[in-house]
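Encoded as structure tokens, the structure appears first; notes follow it.
The values are calculated or read from the model by the stated rules, or taken from the named source; none is laboratory data. Only a predicted model underlies this, so the values are computations on that prediction, with no experimental measurement involved. Virtual Cβ from ideal backbone geometry, glycine too; neighbours counted across all protein chains shown. Please note that ligands, DNA and RNA were not included when accessible areas were found on the heavy atoms of the full protein model with its side chains. Shrake-Rupley method; radii C 1.70, N 1.55, O 1.52, S 1.80 Å.
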Amino acid sequence: MRTERRRFIASAGGVMAAAAGAIVNAPGVIAQPKVQWRMSTTWTPALDVLQGAAQRLAKVVGETSGGRFRIEVFPGGQIMPPFDCFDATSKGTIEAFMSTPYYWTVKEPAFEWFATIPFGMNPEGMAAWYYQGDGLKLMEEAYATFNLVARPATAAAPQMAGWFRRKINAIGDYKGLKMRIGTGLGGKVYAKAGGTAVLTPGDEIYAALERGVIDACEWVGPHDDMKLGLHKTARYYYYPGWHEPGSTSEFGFNKKAYDALPVDLRRTLDHAAAAVQVYGLTDFHTKNAVALERLKTEFKGKVELLPLPVPVLRDLKKLSAEVVREQSEKTPMARKVHASFTKFQALVGPWDHVAEGAYHQLVAV
């Protein structure tokens, strides 16, 4: 009897030891593979809000995935030239990029609307179009042609009209003006006004303006513009940024890499991009306010903050309508996106006017 009992205990102990071993080894059995991506941007490290938005995406994804999904972020120029990131992601050389849609309009004119258009919607309207209208669906459709999955990133708007070496009093003052401008539609408006538009990466604008290669430039707003030193190269700083009222940047993901992600990591990435959109917008809003105050105090007498004359804005709006119409007719996708954008702006515009227009006009301090 005692012998059988000893056998039972020994047998039971062996089973328990095996079970314990199985429990210890369980994490190795159920652990899921880790995903490592690389992302290149079109931003210089000095642009802390834009480059910071890409880094924040990586941080949010890493934290919410428990370290299963890591994205290594590189500024433009570190692993490739700034404007090469779109094609590199499309080909799968890297898995992701961050930029702004209007840099790629030569590939598809419709991309411009996903960033902003002259006299278009503000950041709130853009976000509403993406998530309450057809914006996101159309963005996915347009980028799929290039083997990409795109998501709206942070909004850097409303922007400023830019830095000028001489005053703008009438639409004729743009004649012969050579200006760095990012948005293709805005550049075409300047061309119709008699000027020349030049697309220059952010880190090269200061040198171009200082050497007189260009006569004027725009980037974003007070915070980023001062980071690039633009306040040291031109005296007249004009507003409003009619050409970029709702500028929204983008994240682009290689479609094969995106589709290969487990469903939970795909959703993690999508929600992280939406979170970054909010963080970035509030970051810009606050830092631009601080930078504007610096311009008014520290650089008083060196920088003049000026509104564009109303007649100039009216002329620019007329030219913009022509340019937008012409561009919208270039491809079937551009026609489709323009129709959706225009319809949504007509929906939210009257509410913007009632809810905020009079308030900002009459309660301005």
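A few points about this structure:
- Lys175 vs. criteria under 24 Å from Ile214 (Cβ atoms), open to solvent by 30 Å² or more (accessible area, probe 1.4 Å), of a type outside the set (A, V, I, L, M) and in contact with a Gly (Cβ under 6 Å, 6 or more places away or on another chain): yes
- Every condition in (1) closer than 26 Å to Gly52 by Cα; (2) open to solvent by 30 Å² or more (accessible area, probe 1.4 Å); (3) out of contact with any Gly (no Cβ under 6 Å at 6 or more places or on another chain) holds for Thr196 except the one numbered (1).
- Looking only at region 306-337, and only at residues there that are under 24 Å from Arg235 (Cα atoms) and within 26 Å of the chain's Cα centre (by Cα), the one that is surrounded by the most Cβ atoms within 10 Å (Cβ to Cβ): Leu316
- So Thr200, is it under 23 Å from the mean Cα position of the chain (by Cα) and at pLDDT below 95: yes
- Looking across region 134-164, the residues that are closer than 30 Å to Asp315 by Cβ and either modelled with pLDDT of 95 or more or not in a loop (DSSP other than H, G, I, E, B) (or both) come down to Gly135, Ala155, Met160, Ala161, Gly162, Trp163, Phe164.
- Positions within region 209-235 being open to solvent by 40 Å² or more (accessible area, probe 1.4 Å) and under 17 Å from Phe284 (Cα atoms), in sequence order: Lys227
- Residue list for region 202-256, filter: part of a loop (DSSP other than H, G, I, E, B) and polar (S, T, N, Q): Thr233, Ser247
- Of all residues in region 88-99, those being closer than 14 Å to Arg151 by Cβ and either open to solvent by less than 10 Å² (accessible area, probe 1.4 Å) or among the small types (Gly, Ala, Ser) (or both) number 5.
- Of all residues in region 39-53, those that are modelled with pLDDT of 95 or more have Cβ atoms under 6 Å from Cβ atoms of residues that are part of a loop (DSSP other than H, G, I, E, B) and surrounded by fewer than 20 Cβ atoms within 10 Å (Cβ to Cβ), 6 or more apart or on another chain, in Ser40/Ile79; Ser40/Met80; Gln51/Pro45.
- Which numbered condition Gln78 fails, given (1) surrounded by 15 or more Cβ atoms within 10 Å (Cβ to Cβ); (2) more than 25 Å from Glu108 (Cβ to Cβ); (3) not acidic (Asp, Glu): (1)
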